[in-house]
Amino acid sequence: MLRYKLVVVGGGSGGCSVAAKFTRKLGKGQVAVIEPAEKHYYQPMWTMVGGGMKTVEQSARPMKDVLPAQADWIRERAVAFDPKSNKVTTSSGDEVTYEYLVVAMGIQINWDAIKGLKEALDTPGVCSNYSPKYAPKTFEELKAFREGNAIFTFPNTPIKCPGAPQKILYIADQYLRKTGKRDKATLIYNTSLPVLFGVKKYAESLWKVVEDRGIVVNNRRCLTEVRPDTREAVFVDLDRPEQQFIDKYELLHVTPNMSAPDVLKACPALTDAAGYVDVDKHTLQHNRHPNVFAIGDCSSVPTSKTAAAVAAECGVLGKNLWSVMSGGQCTASYDGYTSCPLVTGYSKCILAEFKFDGVPLETFPIDQGKERWAPFVMKKELMPFLYWQLMLKGYWNGPKVIRKALHLGLSD
Ligand code: FAD
Ligand code: UQ1
């Protein structure tokens with residue numbers, strides 16, 4: 001049986017950052033990361049991959065190069081949790097015990113949830129930026145587009161980066177304009193949500209973008225089936241489920257259904273009713289097991305699931321877990337900070353930043369609701385550097401320090 005002071009489950013954005021912070025504090029042999037993947041992806045880049053601005057290779061690093069060298073990497077899946085005995089079972093049947101546990105498993109993509117989708121992804125016209133396999137196909141489909149409907153979807157479940165399903169819509173619009181094909185295309189955004197974006201300020205800006213560009217938006221319209229043989233997508237109106245719409249597509253960009261990981265759903269002692277790790281939204285400490293914390297997309301924290309949220313959570317979790325390890329209480333409080341750089345083409349971006357309850361919390365003392373060039377460059381060029389060089393090494397806790405400085409200490 002393996003024993004560690006700290007076990008981190010998942011070596012993605014949150015797991016890697018937390019492991020780096022604590023390996024520095026605790027030293028060699030004290031921290032283990034359970035992570036089966038050989039590659040670590042900077043997922044926010046997949047939007048740019050879909051638009052042909054980056055390659056999928058640029059979004060990947062070998063896992064061994066990003067996990068802290070002083071941590072033990074257990075190259076397996078966690079298959080069961082036993083928080084009463086402080087134990088995690090891995091795919092080989094090994095048991096790993098811990099004094100402290102951080103769960104950072106991300107959100108699970110359920111490609112099977114939409115009838116026909118899995119098979120359709122390997123047929124012409126269908127793509128998704130939500131996978132490293134199919135994000136490059138998005139750009140191939142844009143290049144191959146001749147005429148007809150280009151349909152973009154948002155599912156009827158919580159998802160990571162809720163802005164991403166429409167970023168690619170705007171990129172596609174601009175690509176089709178640049179290549180002289182826009183007048184032969186009908187761009188349609190079918191979203192299960194009743195709104196275009198969850199924060200009013202940015203939703204208003206985005207409605208303007210949609211209107212200016214002649215994009216059709218259908219709210220509460222949810223993809224239920226893909227029929228690649230006839231290139232048809234089937235949608236329902238979520239408010240009138242008997243109402244079905246069958247649309248022909250030339251291009252169909254699907255944002256798949258997502259849920260809490262099955263492994264977590266199988267352990268109610270750790271989770272809320274939906275299967276997300278049941279933590280206090282301010283301290284990130286588990287509500288029933290004080291030696292357990294969660295970070296990122298697999299947690300119950302009610303904010304938009306993004307890497308930006310993970311960065312801010314990492315600062316709070318770092319302080320609180322260290323305090324608890326030292327016999328103290330949780331004193332740091334997460335405010336729900338999250339950010340979504342809403343790329344609106346090949347050179348502009350609306351930089352949405354907000355906290356719990358969708359209250360804007362912006363870093364820069366300018367109106368971030370406007371489409372601008374600077375945040376686009378930040379998203380495309382600066383963020384990847386910040387992610388690999390600072391965040392994954394545990395040194396980036398979100399832009400709070402910058403925000404305070406730029407607002408002369410007057411911001412939250
Ligand atoms: P992840 O980084 O997904 O890591 C989870 C890890 O857990 C993975 O390495 C996985 O292999 C591992 N794992 C899963 N199951 C197990 C198991 N059973 N045992 C052990 N390990 C397991 N965020 C932004 O801030 N800005 C953006 O512009 C942005 N754009 C995005 C665009 C797209 C297309 C996508 C897909 C995401 C985007 N995001 C963006 C979201 C961001 O990537 C995620 O919110 C962030 O990576 C979440 O970090 P995490 O650590 O919670 O999960
Ligand atoms: C951020 O901190 C972050 O995490 C690394 C992102 O993920 C890629 C982001 O997209 C953004 C916008 C932020 C916030 C950072 C600043 C400087 C506003």
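The values are calculated or read from the model by the stated rules, or taken from the named source; none is laboratory data. This is a predicted model, so every value here is computed, not measured. Quick reminder, even Gly has a Cβ in these numbers, built from the backbone with ideal geometry, and neighbours come from all protein chains shown. Surface accessibility is based on the protein's heavy atoms, side chains included, excluding ligands, DNA and RNA. Shrake-Rupley method; radii C 1.70, N 1.55, O 1.52, S 1.80 Å.
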| If you go through the range 148-167 one residue at a time, do you hit one that is over 24 Å from GLY106 (Cβ atoms) and open to solvent by 30 Å² or more (accessible area, probe 1.4 Å)? | yes
Filtering the range 359-383 for residues that are more than 8 Å from ligand 2 (Cβ to nearest atom) and either closer than 16 Å to ALA311 by Cβ or open to solvent by 20 Å² or more (accessible area, probe 1.4 Å) (or both) leaves a count of 15
Flagged in the range 279-299 as surrounded by fewer than 21 Cβ atoms within 10 Å (Cβ to Cβ) and either outside the structural domain of TRP388 (by TED's automatic domain parsing) or within 16 Å of ligand 1 (Cβ to nearest atom) (or both), in numbering order, are LYS281
GLY409 passes all but one of the listed conditions (1) modelled with pLDDT of 95 or more; (2) away from ligand 2 (no atom under 13 Å from the Cβ); (3) surrounded by fewer than 14 Cβ atoms within 10 Å (Cβ to Cβ); (4) over 19 Å from LYS21 (Cβ atoms); the exception is number (1)
Among residues of the range 351-369 being in a loop (DSSP other than H, G, I, E, B) and of a type in the set (A, V, I, L, M, F, W, C), the residue farthest from ligand 1 (Cβ to nearest atom) is ILE366
PHE235: passes all of (1) without any contact (Cβ under 8 Å) to a residue 24 or more places away in the chain; (2) over 29 Å from ASP82 (Cβ atoms) but (1)
Counting only residues that are basic (Lys, Arg), over 20 Å from CYS127 (Cα atoms) and part of a strand (DSSP E or B), the range 238-270 contains a total of 1
If you go through VAL195, VAL226, the only one that is outside any loop (DSSP other than H, G, I, E, B) and either outside the structural domain of PRO36 (by TED's automatic domain parsing) or modelled with pLDDT under 95 (or both) is VAL226
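Here is a list: ALA273, ALA308. Which entry is under 23 Å from TRP396 (Cβ atoms), at pLDDT 95 or above and either open to solvent by 10 Å² or more (accessible area, probe 1.4 Å) or part of a loop (DSSP other than H, G, I, E, B) (or both)?
Result: ALA308 is the single residue among ALA273, ALA308 that is under 23 Å from TRP396 (Cβ atoms), at pLDDT 95 or above and either open to solvent by 10 Å² or more (accessible area, probe 1.4 Å) or part of a loop (DSSP other than H, G, I, E, B) (or both).
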For the range 55-92 the number of residues that are open to solvent by 30 Å² or more (accessible area, probe 1.4 Å) and closer than 29 Å to PRO132 by Cα is 19
Within the range 109-127, residues outside any helix (DSSP H, G or I), surrounded by fewer than 19 Cβ atoms within 10 Å (Cβ to Cβ) and either touching a helix residue (DSSP H, G or I) at 6+ places or on another chain (Cβ under 8 Å) or free of Cβ contacts under 8 Å to residues at least 12 places away in the same chain (or both) come out as ASP122, PRO124
### Message
Given the condition in a loop (DSSP other than H, G, I, E, B) and either touching a helix residue (DSSP H, G or I) at 6+ places or on another chain (Cβ under 7 Å) or over 30 Å from MET63 (Cβ atoms) (or both), answer yes or no: does some residue in the range 376-385 qualify?
### Response
no
If we keep only residues of the range 1-35 that are in a loop (DSSP other than H, G, I, E, B) and within 10 Å of LEU392 (Cα to Cα), then the residue farthest from ligand 2 (Cβ to nearest atom) is GLY11
